[in-house]
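Notes follow once the structure below has been shown.
The values are calculated or read from the model by the stated rules, or taken from the named source; none is laboratory data. Because the structure is a prediction, the values reported are computed rather than measured. When we count neighbours, we look across all protein chains shown, and the Cβ atoms used for this are built from the backbone with ideal geometry, even at glycine. Please note that ligands, DNA and RNA were not included when accessible areas were found on the heavy atoms of the full protein model with its side chains. Shrake-Rupley method; radii C 1.70, N 1.55, O 1.52, S 1.80 Å.
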Amino acid sequence: MVPMPLISLPHRALISVTGPDAEHLLEGLVTSALPAEGEATGSALLTPQGKILFTFLLSRTASLADGGFLLECDTAEQAPLMQRLTLYKLRAKVEIAPFAGAVLVGGEEGLRDLRHDSLPRRTHAESGGQAAEGDSASYQAQRIEAGVLEGPGEAISAQDFPHDVGLDLTGAVSFSKGCFVGQEVVSRVKHRGTARRRPVRIEGANVEAGAPVVSGEREIGTVRLAKGGKGLAVLRIDQIGEAVSVGGEPATLALPPYATYALGAES
C-alpha cells in the first residue's frame, strides 16, 4: 500500500507533560494504558460520573525531559485541558506546557496510531520542520472508514460516555490498569452490557455533520463526521428500524470495523 502524502492538521495542538512524576500522574487520570515509544494511543479525561471532558492522542517521547509525554488535542481545547491537568497536579513534580509543534499524518515514518491499523502514521514535528503535501479530506475519509471520531463536536457532546463514541473498542480505555477518574461508571457499563449509543457508519445524499438521523419517525442520533455523503453517526442502536433517513432522504448504515455490537440491538 502506498503511504498517504503528509497532511498538516492545523486544528490540532500539542501539550507536553514532563518531570519525574509525569507517568504516575497520567496513569491515574487518563482512560488508556500509557503507550510505548513510537505509538500514539487514543485516550480521554472523564468526569467522576464517567462523561467525557476531553479526548486526545497520547504518546511517549524520550526527546522530552525525563522521557515525558505529548498530548495531541484540538487547538480550542489546549488551554482548558492544560488547566484541568494542572488541577490534578497538586505537588507532583510535573511540568505541563504548550508544545510548539506541527501535527502531521501520512508518510512512512512517525507514530503508529493504535486506534486502528488502517489509520496513517502520525508525526509531531517542530514547527516548519516538515512540509505537508496532501488534503485533509483524505484523512477524514480514512477516519470514517475506520470508525474513529476525535475532538469536540465529533467525540464529545454534552452527554457522551466513552462507549458512545467507541473509545472502549479503539484502545482508548483500559479495563486492566489501575483506577482512573470515572473508571467505576465505565467499567459498570462494560460488565453490564448496557451501552446503547454507538458509532455507526452512514451514507446518504443528506449526510452532513450535525444532521439528525431518523428511524421511522424517531430521532435516534446525530451525524458527527461527514465527507462526500459518507459519515459517522452516534446512534441508539437499540432503536434502529428498517427505514433510516437523514434530511428526508434514505440513508444506509454499516458497522465500523472494530464493532462488537449489532444494529438494532444492545452491544
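Data overview
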| read-out | value |
| --- | --- |
| Between 0 and 90°, nearest 10: helix 78-89 axis offset from the chain longest Cα axis | 60 |
| Over the chain, relative contact order from alpha-carbon pairs under 8 Å, at least 6 apart, % | 20 |
| Counting DSSP beta bridges with both ends in the chain, the antiparallel % (nearest 5) | 95 |
| Stokes-Einstein D for region 113-254, Kirkwood Rh over Cα pairs, 20 °C, 1.002 mPa s (µm²/s) | 130 |
| Length-normalised contact order of region 1-145 in % [C-alpha pairs under 8 Å, at least 6 apart] | 33 |
| In region 127-217, GluC sites (Glu not before Pro) in a DSSP loop with at most 15 other beta-carbon atoms within 10 Å | Glu133, Glu208, Glu217 |
| Backbone HN-Hα couplings from phi across region 218-233 [Karplus 6.51/-1.76/1.60, Hz, Gly and Pro as x] | 9, 6, 10, x, 9, 6, 9, 9, 8, 7, x, x, 10, x, 10, 10 |
| Ser174 long-range amide H proximity, modeled H, under 5 Å | Ser32, Ala33 |
| Over region 10-74: Rg over Rh, Cα atoms, Kirkwood Rh | 0.96 |
| Sequence-distant residues sharing a close amide H with Ala211 (under 5 Å, placed H) | Val223 |
| Protein accessible area in the chain, 1.4 Å probe - carbon and sulfur % | 50 |
| Amide H partners (placed H, <5 Å) of Met4, local residues excluded | Gly107 |
| Binned Cα-Cα distance frequencies in the chain - 10 Å width, integer % | 7, 30, 35, 21, 6, 1 |
| Packing-based order for 77-90, 158-171, using average beta carbon neighbours within 10 Å, highest first | 158-171, 77-90 |
| Count, lysine Cα pairs under 23 Å in the chain, 8 or more residues apart or across chains | 6 |
| Region 89-216 - percent relative contact order, Cα under 8 Å, separation 6 or more | 18 |
| J(HN,Hα) series, region 189-206, from Karplus relation 6.51 cos²θ - 1.76 cosθ + 1.60, nearest Hz, glycine and proline x | 4, 5, 6, 8, x, 9, 6, 10, 9, 8, x, 9, 6, 9, 9, x, 4, 9 |
| Residues listed by number, region 85-125, amide nitrogen under 12 Å from Ser63 label point at 7 Å toward C-beta | 100-104, 110-111, 123-125 |
